[in-house]
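Rule-based calculations on the coordinates, nothing more; no lab input. This structure is a prediction, so every number in the text was calculated from the model and none was measured. Counting neighbours? That spans all protein chains shown, and the Cβs are built from the backbone with ideal geometry, glycine included.
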Amino acid sequence: MNFYKPQGISRGDLQEVILKVEELEAIRLKDLLRLEQEECAQHMQVSRPTFQRVLTDARYKIAEALTKAKAIRIEGGDYCLGGRFCRRHGRYLMGDEQCARWQEDLVFNKSKETENTSKKIAICSTGTSPSSPVDERFGRCACFMIWDPVTNKYEVLPNTGTEAARGAGTGAVQVLLQKNVGIVIAPKIGRKAFMSLESVGIKVLTGGDGKTVEEVRQSYQAGEMQE
């Protein structure tokens, strides 16, 4: 659906408001999913000021359409909005594949301050021991077992997002970032959480289903984990 109009007015008599796809995406993230502005900006791979500008424009256009009985047409939005997920192709871009509709001013350039070079590893766990089975759920795992290769020790990080109604994955990303985690290992991970991790420089490795935390760590050191 890319066109909305007031009931009872023919298209020929209507004025239209053009809502760009990135503007619709800003509305979806902020007003529908109720994410924090920083999370929204990370999802769209833009700076916070750019996200605020896009959101303000979107709200203005919707308000204009509703109060002045105008139609809303969604177009001009063949953009790649973060995480190399291309809405034009409807999928993730592969390798060095480029999208001709990439809008350069929407690209969020990571500064050195946001680059994460840490090698601390967070493994989704069902318990607080290295012998605990790996938890399949990233955002709602019982806890994270964080292994530091420098000290060769584990730290238990309870996952406070397990009871969250929404946004558990993105909330977990912020906690892991504060702990200086550079790699996350999980059997499965949602697209939103993956994009959030990627946006802050945390590498995601998949696998470990049916193994213990310690077995996964050993598999990582043996180079058996996949990105």
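Here are the numbers for this structure:
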item: Neighbour-count ranking [beta-carbon atoms within 10 angstrom, fewest first] of 25, 215; result: 215, 25
item: Ranked list, fewest to most other Cβ atoms within 10 Å of each Cβ, for 22, 64; result: 64, 22
item: Segments 13-20, 147-154 sorted - mean Cβ within 10 Å per residue, highest first; result: 13-20, 147-154
item: Spacing of the two label points (7 Å from each Cα toward its C-beta) at residue 175 and residue 56, in nm; result: 3.5 nm
item: Packing rank of 191-197, 174-180, where each peptide gets the mean count of other beta carbons within 10 Å, highest leading; result: 191-197, 174-180
item: Distance between modelled label sites at residue 128 and residue 148, nm, 7 Å Cα→Cβ extension; result: 1.8 nm
